[in-house]
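The values are calculated or read from the model by the stated rules, or taken from the named source; none is laboratory data. Computed from a prediction, not measured in an experiment: that's the story for all the values here. Cβ placement follows ideal geometry from the backbone for every residue including glycine, while neighbour counts extend to all protein chains displayed.
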Amino acid sequence: MIRKNASEMAAALAAKEISSVELVNAHFDRIAEVDTQVKAFLYLDKDGALSQAKAVDDARAKGETLAPLAGVPVALKDIFTQKGVPTTAGSKILEGWRPPYDATVTANLKKNGIVILGKTNMDEFAMGSSTENSAYHPTHNPWDLTRIPGGSGGGSSASLAAFEAPLALGTDTGGSIRQPAAVTGTVGVKPTYGAVSRYGMIAFSSSLDQGGPCARTVLDAALLHEAIAGHDPKDSTSINAPTPKVVDAAKRADVKGLKIGVIKELQGDGYQKGVLNRFNESIELLSSLGAEIVEVSCPSFEYALAAYYLIAPSECSSNLARFDAMRYGLRVGAGDAEAVMSATREAGFGREVKRRIILGTYALSSGYYDAYYGSAQKVRTLIMQDYAKAFAGVDVLVSPTAPTTAFKIGEKSNDPLAMYLNDVATIPVNLAGICGMSLPSGLADEDNLPTGFQIMAPAMEDQRLYNVGAALEAALLSKWGAPLLAKAPALGGSK
Amino acid sequence: MNYEQVIAKYEPVMGLEVHVELNTNSKMFCGCATVFGAEPNTQTCPVCLGLPGSLPVVNETAIESAIKIGLALNCKVAPFSRFARKNYFYPDMPKNYQTSQYDEPICFDGHLDVEIETEEGPKSFRIEIERVHMEEDTGKSLHMGGATGRIHGADYSLLDYNRAGIPLIEIVTKIIPGTGKYGPEVAKAYVAELRDILRSIGVSDVKMEQGSLRCDANVSLRLIGSDSLGTRSETKNVNSLRSVERAIRGEMIRHAELLEKGEKVKQETRHFQEDTGTTRSGRSKEQAEDYRYFQDPDLVPVAPSAEWIEALRKSLPEKPSAHRKRLQEAWSVPDKEMAAMINADLLGTVEATVNLGADPTKARGWWLGEISRIANEKELAVEELSISPKDVAEIVELIQKGELTDKLARQVVEGVINGEGTPADVIAKRGFKVVSDDGALLAAIEKVCAAMPDVAEKVRGGHLPAAGALIGAVMKETKGQADAAKVRELLLGHLGQA
Amino acid sequence: MSSLSRAEVAKLAKLARIEMTDAELDALSSEFAVILGAVDRIQGAPLADVQPTSHPLPINNVTRPDVVIPSLTPEESLSGAPAQEEQRFRVPQILGEE
């Protein structure tokens, strides 16, 4: 049952072949079986989940109309507040903190009857590309336990790949949903900025952060997307327009006549050969399905990484100032308030977080603002202009999601710059505020590890991602004969 | 040094920053209530507590109030303004940044004209307004364990965040040169006028003692006639109009004393001390915090439409100063009397009385005369007495109709204040009735003239002032229930002096 | 500015209220040499006459009506407090101005 897709589980629930309580218990059993190896979860909410599941079962028994995914379990990235449940953002500074309120996303899940199994591991405050920056422990890639699952949302993607959950929620600031999806052979979507409410989503970089769906199939992601997206009056940056019909698009899966643009700058040197091979094969598949492939150039992407590593740290240096030991979270140290603040932030924040706070403090400081933060905002404009120009001639843009497959745990953790380069293909999407999806495009020749295919669409046109993604997914499924995850090694217990 | 010595050689340059707490129902960025004096931390939520994940949404009435304030101060309203984060750490600030406005304030480039009384007569000064912008208030700390409840010597502090997030409007003047020796008075007049304007547009209860109007005063000195600017100090904790004047005067003296000794004035923040009228050093501004302002990414720009701004402009009431001028002209009040009414804070009351039909001079006479006298006697403020403009208007009307004499009216006023009811009630209860029957009056007159023949003879002979004694006697005869003017008229007529 | 001296990092750490060890300051200083080198690339971008974008979304005027909505209870507000007293957050001695 745990091997099914979310939509298959939903159908089984609707047909009363299984109850939500049984389904949820099956997943807790699986978690107990394999999570000592994968370590995707930081917290399991057995009581809460089972009572949610029971409520759905009762409602179904009464014949009430339920949302499409009601009763299906989900894993929630530990960056979303859940009332009464420990929420840490992967940091020691929030160890044990139980929020007094639900994030809008959390509330939407509950409203839809989607059962929250627990909170997944992540790079501390969403800063990282490997989940090694979690203050608690790294998460291990189910494809190869010695390797990273990507980051910052490695826990969510790993839980999917390990069949610990059929659905997961992530957040994406520079690729934190898409890159883990790519290296774990799963699907991850960063919706248009503003599509999913940020209320209750612990902030890293406010103008880049966006919550999004993670799943094993494009259709599952679409179903989850519709459950969590929508206008939220509590979030000033929330789009006040109906959510695009992504489920319909995922079912349509038709690329005939569509124009697909391949971004010149997001290939070539720096990209693993096996990654590029799978990417090119996927392009050919799309072409064979009736799409027209053209090459486009986005020259300003050369500066995207630099702009990102100025904007994100700047915003986070301000967003993380509130962690000061006064109102919640860790408090250590002696002496006056300032001493306690400084000692707490030193003890409670990890290296990468401190690095970015200092970098951001620097980029915003007087005398440097124009050269750094100010310039980065201008690069943002250039990137948006490049995308606009490109999209004038094509329906979607594509690239490999990440330059490499999953690297070994510890391999890049001492080289911040090398770590940052993992995001080079995903970052431009966040800077422009448009939407992007990663879906599995096969295993790399060199190491038999998953690679990801990235699709990008203009802001508010998220349905294009799902249409093209579903079409490609179907074609690849045909080609492989089985989902990619079927090739993943067995983990402890039974396959 | 004394003040005279200071102003003989130096002149001040000032800058005034006023913070106004708006009277909105809810906070700037969240729906928490803004009730003053509520139990601690009962008006807090994830947003104003700065809990992880919380986000701000702007209060539309706060924007409206900010625009109204800007318009009332002759400012331009920015077609496009943004919020910025002012980053610094302090336990009373939940996010450790204040959401404010930086280089794109909502209103800018205005002015306010104030008038002060000088030896050479009234003088007008134009205060240029640099900007009006929106921001949020901080929480309140109680400092515990020390002897005085103040921060120095305290062991720990207790934080109440009810006030955190309440909308504040900051009004910043451009530098104010050219006030010479009148600097302190001009500053006080500016704050007073500002307060009146804010009150008249209804955006705040502007109570300095409660903190809904706060003033920070910046002062520097330069030699008279000099072009350069001296080093300035900022004085906080100025909690009343009088303190504004005293603080500036005190700082001018302090700066002068330093300069005379050849010492430098330190650029710093100082705290005004009510009891001594001087300032105490606070945090040195040489280590000025770098606030690292940047546009708040959680909020979107404010772009008020031209139509809305026009509508708000039209909705503004008449400016207090224009209003006062208009009344002064309409009522023909001499400057000194006008000033007296304003200083006694009775202009509104008198106006209300006039609006109910009373003659302005009479209304003014009653409120500033008899009623103020009674208030002083009882050691109360006039507004604490239980007599209303309606009561006074009624009394004035009765006198005019001849149904009350001045003397009786005073007793009616006393009765109303003592809680005996309305003027009509008092008149009925005490049986006041003006004797207006000519016959009865003439009878009394004849009686009095017969009793005081010498005085009557004097009047007959043309010595009119002597009539006073006769009139007094007639009043006594009629138990004060005669109209003195009528008595005089009849008496003179009787004595051939009509 | 393609590097930060240890002293400069220390100043930034103070501004950010993080009490770093000497080892950390040294490490950051050398890491920044690399990171800032990469970030400095931005100076090569064609930025003349380009307007900055602070927001990907072209929305203005998002407001809420001036209506009171229920707050958290004091217990909920104080639930995370490391220390509390008399329904207030208890914090260590605050030095500095009144």
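Before moving on, here are some points about what is shown:
- Matching entry among C:Ala48, C:Ala33, C:Ala7, C:Ala23 (being over 30 Å from B:Thr61 (Cα atoms), more than 8 Å from chain A (Cβ to nearest Cβ) and not in a helix (DSSP H, G or I)): C:Ala48
- Checked against the criterion of being part of a loop (DSSP other than H, G, I, E, B) and at pLDDT 95 or above, the candidates B:Ala164, B:Ala147, B:Ala154 yield just one match: B:Ala164.
- For first residues located in the stretch B:92-109 and under 25 Å from A:Met326 (Cβ atoms), partners that are surrounded by 19 or more Cβ atoms within 10 Å (Cβ to Cβ) and of a type in the set (Phe, Trp, Tyr) and lie 6+ apart or on another chain with Cβ distances below 6 Å form the pairs B:Asn96/B:Phe89; B:Thr99/B:Phe83.
- Filter result (of a type in the set (A, V, I, L, M, F, W, C), within 14 Å of another protein chain (Cβ to nearest Cβ) and more than 17 Å from A:Glu302 (Cβ to Cβ)) within the stretch A:374-418: A:Ala388, A:Ala418
- The set of residues in the stretch B:76-93 being closer than 24 Å to A:Lys92 by Cα, more than 7 Å from every other protein chain (Cβ to nearest Cβ) and touching a strand residue (DSSP E or B) at 6+ places or on another chain (Cβ under 8 Å) consists of B:Tyr88, B:Asp92.
- Hey, C:Asp40 among the charged types (D, E, K, R), touching a helix residue (DSSP H, G or I) at 6+ places or on another chain (Cβ under 8 Å), surrounded by 14 or more Cβ atoms within 10 Å (Cβ to Cβ) and not in a loop (DSSP other than H, G, I, E, B) or not: yes
- Helices (runs of 4 or more DSSP H) enclosed by the stretch A:1-72 - at least 3 residues per element that are at pLDDT below 95: none
- Here A:Tyr43 fulfils each of the conditions (1) buried (at least 19 other Cβ atoms within 10 Å of the Cβ); (2) in contact with a strand residue (DSSP E or B) (Cβ under 7 Å, 6 or more places away or on another chain) apart from (1).
- For the stretch B:216-239, the condition of being among the hydroxyl-bearing types (Ser, Thr, Tyr), in contact with a helix residue (DSSP H, G or I) (Cβ under 6 Å, 6 or more places away or on another chain) and more than 21 Å from B:Val6 (Cα to Cα) holds for none of the residues.
- Note on the stretch A:357-374: residues that are in contact (Cβ under 8 Å) with a residue 40 or more places away in the chain and of a type outside the set (A, V, I, L, M, F, W, C) amount to 4.
- Members of the stretch C:1-51 found to be within 28 Å of A:Val379 (Cα to Cα) and either touching a strand residue (DSSP E or B) at 6+ places or on another chain (Cβ under 9 Å) or polar (S, T, N, Q) (or both), listed by number: C:Ser2, C:Ser3, C:Ser5, C:Leu15, C:Ser29, C:Ser30, C:Gln43, C:Gln51
- Within the stretch A:332-352, the only residue that satisfies the criterion of being buried (at least 21 other Cβ atoms within 10 Å of the Cβ) and part of a loop (DSSP other than H, G, I, E, B) is A:Phe349.
- Hits in the stretch B:427-441 (condition: surrounded by fewer than 22 Cβ atoms within 10 Å (Cβ to Cβ) and assigned to a helix (DSSP H, G or I)): B:Ala428, B:Lys429, B:Arg430, B:Asp438, B:Gly439, B:Ala440
- Subset of the stretch A:126-139 [within 16 Å of the chain's Cα centre (by Cα) and surrounded by fewer than 24 Cβ atoms within 10 Å (Cβ to Cβ)]: A:Glu132
- Taking the stretch A:142-162 as the range and being modelled with pLDDT of 95 or more, out of contact with any helix residue (DSSP H, G or I) (no Cβ under 6 Å at 6 or more places or on another chain) and not aliphatic (A, V, I, L, M) as the test, the residues that pass are A:Trp143, A:Asp144, A:Thr146, A:Arg147, A:Gly155, A:Ser156, A:Ser159.
- Flag for A:Ala215 being closer than 15 Å to A:Glu461 by Cα, away from chain B (no Cβ under 14 Å) and at pLDDT 95 or above: no
- So C:Leu4, is it free of Cβ contacts under 8 Å to residues at least 60 places away in the same chain and under 22 Å from the mean Cα position of the chain (by Cα): yes
- In the stretch B:387-415, the residues that are surrounded by fewer than 17 Cβ atoms within 10 Å (Cβ to Cβ), of a type in the set (Gly, Ala, Ser) and modelled with pLDDT of 90 or more: B:Ser388
- The residues of the stretch B:39-59 that are part of a helix (DSSP H, G or I) and facing another protein chain (nearest Cβ under 7 Å), listed by number, are B:Pro46, B:Leu49.
- Residue in the stretch A:334-342 that is out of contact with any Gly (no Cβ under 8 Å at 6 or more places or on another chain) and either closer than 25 Å to A:Leu208 by Cα or β-branched (Val, Ile, Thr) (or both) present: no
- Flag if B:Phe89 is among the aromatic types (Phe, Trp, Tyr) and either surrounded by fewer than 18 Cβ atoms within 10 Å (Cβ to Cβ) or farther than 30 Å from A:Gln82 by Cα (or both): no
To keep it simple, each residue is scored yes or no on (1) part of a strand (DSSP E or B); (2) crowded, with 23+ Cβ neighbours inside 10 Å; (3) more than 11 Å from chain C (Cβ to nearest Cβ); (4) among the hydroxyl-bearing types (Ser, Thr, Tyr).
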| residue | (1), (2), (3), (4) |
| --- | --- |
| B:Ala8 | no, no, yes, no |
| B:Glu11 | yes, no, yes, no |
| B:Glu17 | yes, no, yes, no |
| B:Thr61 | no, no, no, yes |
| B:Glu64 | no, no, no, no |
| B:Asn74 | no, no, yes, no |
| B:Glu115 | yes, no, yes, no |
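- Scanning the stretch B:19-35 for residues that are away from chain C (no Cβ under 14 Å) and within 14 Å of B:Gly139 (Cα to Cα) turns up just one, B:Glu21.
- Exactly one residue among A:Met456, A:Met437 is under 30 Å from C:Gly37 (Cβ atoms), surrounded by 24 or more Cβ atoms within 10 Å (Cβ to Cβ), at pLDDT 95 or above and of a type outside the set (Phe, Trp, Tyr), and that residue is A:Met456.
- Single residue of the stretch A:375-419 satisfying the filter (in a helix (DSSP H, G or I) and among the charged types (D, E, K, R)) that is farthest from A:Ile293 (Cα to Cα): A:Lys378
- Within the stretch A:330-348, if we keep just the residues that are more than 7 Å from chain C (Cβ to nearest Cβ) and within 23 Å of A:Thr87 (Cβ to Cβ), the residue that is farthest from the chain's Cα centre (by Cα) turns out to be A:Val332.
- Residue in the stretch B:175-209 that is surrounded by the most Cβ atoms within 10 Å (Cβ to Cβ), counting only those that are assigned to a helix (DSSP H, G or I) and small (Gly, Ala, Ser): B:Ala187
- Of the strands (runs of 3 or more DSSP E) lying entirely inside the stretch B:225-293, those containing at least 2 residues that are more than 14 Å from chain A (Cβ to nearest Cβ), surrounded by 14 or more Cβ atoms within 10 Å (Cβ to Cβ) and under 21 Å from the mean Cα position of the chain (by Cα) are B:233-238.
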